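Down below is the structure, laid out as structure tokens.
The values are calculated or read from the model by the stated rules, or taken from the named source; none is laboratory data. Predicted, not measured: the structure shown is a model, and the values here were computed from it. All Cβ positions, glycine included, derive from the backbone under ideal geometry; neighbour counts span all protein chains shown. Note: accessible area is taken over every heavy atom of the protein model, side chains too, but ligands, DNA and RNA are not part of it. Shrake-Rupley method; radii C 1.70, N 1.55, O 1.52, S 1.80 Å.
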Amino acid sequence: MQMSYAIRCAFYQLLLAALMLVAMLQLLYLSLLSGLHGQEEQDQYFEFFPPSPRSVDQVKAQLRTALASGGVLDASGDYRVYRGLLKTTMDPNDVILATHASVDNLLHLSGLLERWEGPLSVSVFAATKEEAQLATVLTYALSSHCPDMRARVAMHLVCPSRYEAAVPDPREPGEFALLRSCQEVFDKLARVAQPGINYALGTNVSYPNNLLRNLAREGANYALVIDVDMVPSEGLWRGLREMLDQSKQWAGTALVVPAFEIRRARRMPTNKNELLQLYQVGEVRPFYYGLCTPCQAPTNYSRWVNLPEESLLRPAYVVPWQDPWEPFYVAGGKACELHVAGFDFEVLNEGFLVHKGFKEALKFHPQKEAENQHNKILYRQFKQELKAKYPDSPRHC
């Protein structure tokens, strides 16, 4: 009986060892397969792009590493996220301009690079496999030929989870890979961009606004999150840096930047005087004025336009947060949560944002209302989460 028991024990131990060996072999196989895939991407990458200076080689290495990772799925499992297609060194105390765009709307980066002198973080959405491949080539082309891109821009990619971004077949090089200057890249992008209607992607894929915004501002202590087709006033980054460097009192403050929209044919104003001249003749109006007046009304535009002119950027007045205010502000976190957490919202005196073109309901895609209803459901869930997170707060969204 003892012999039989010993034999059974030995058998089970042998079986367990065999199973562990099989598992180890499987892990080794998957590791080798992943390595081969990464090497294949690397070989294809260097075949696709010609030799280049050291600084651009670093960009290649970043892009290659990000692509070889295969990305990670977001919490919903609907989207695949590639962080750090392009990386840049960012001071944690700096003010990051965070934005997002579909591939064809990246042409607006040119204006942002001119007006915003500090670091930018951009989340790009590719709705199809072809767009995901184009985004990788475009990232390389912009960073290769535009020094400001290499120095100041971090770029991330999001695509539907069923796709994986990869370097295109070198036998069919895209036209972007053949460009040789920064101006050529943006000129080409302007020619291939589809003007279309707002966020209409031509597919059944929804544009993941919240995911893209959160990805762009990830890790930033101070972030100003805007749409890519908005332009900040001249010197806004310098003014914000001076404010934040000179005082530590902004820890519990969200600095609100008033937002406007301008007729598309007009030249973008650089300072408040230019903006007010256009405002007085109706060529500039408060952001979302024709779509959702309450969404921006708490900014108190009538008070802002009548402030005395000043040379230094500073907070001019405090505004209590109220639903459904959607301010553009410098701080970390969402407006509603900042309000519940006890933050004050202070409107800046001289700085502003301008959206290119008037926002009009008829220019949105047919699914916009359905998306709005879905966002309302998510917002209700978010408010319940805030109650649990800040149980003692007297403030509510």
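At 1.4 Å probe size, what's the solvent-accessible area of Glu242? Round to the nearest 10 Å².
About 90 Å², ignoring ligands and nucleic acids.
Assign unit charges at the C-beta atoms only (+1 for Lys and Arg, -1 for Asp and Glu), then state the dipole size of segment 240-348 relative to its Cα centre in Debye, rounded to the nearest 20.
Values: 11 positive and 12 negative charges, 72 e Å.
Computed about the Cα centre, the dipole is about 340 debye.
When a/c is below 1.5 the answer is rounded, else prolate if a/b is larger than b/c, else oblate, so apply that to segment 254-319 with a ≥ b ≥ c taken from the square roots of the Cα gyration tensor eigenvalues.
Oblate, because a/c is 1.5 or more while a/b does not exceed b/c.
With a 1.4 Å probe and all protein chains kept in place, how much accessible area does Val231 have, in Å² rounded to the nearest 10?
Its heavy atoms expose roughly 10 Å² to the probe.
By its C-alpha gyration tensor, with a ≥ b ≥ c as the square roots of the eigenvalues, how is segment 278-361 shaped: rounded for a/c under 1.5, else prolate for a/b larger than b/c, else oblate?
The shape class here is oblate.
How much accessible area does Glu175 have with a 1.4 Å probe, in Å² rounded to the nearest 10?
120
Share of segment 202-356's accessible area from carbon and sulfur, percent, 1.4 Å?
Whole-percent figure for carbon plus sulfur exposure: 46.
Taking a 1.4 Å probe, which of Thr65, Thr299 shows the most accessible area, and what order do the others take after it?
Thr65, Thr299
Would you mind telling me the share, in percent, of accessible area of segment 79-186 contributed by carbon and sulfur at probe 1.4 angstrom?
Roughly 46 percent of what the probe reaches on segment 79-186 is carbon or sulfur.
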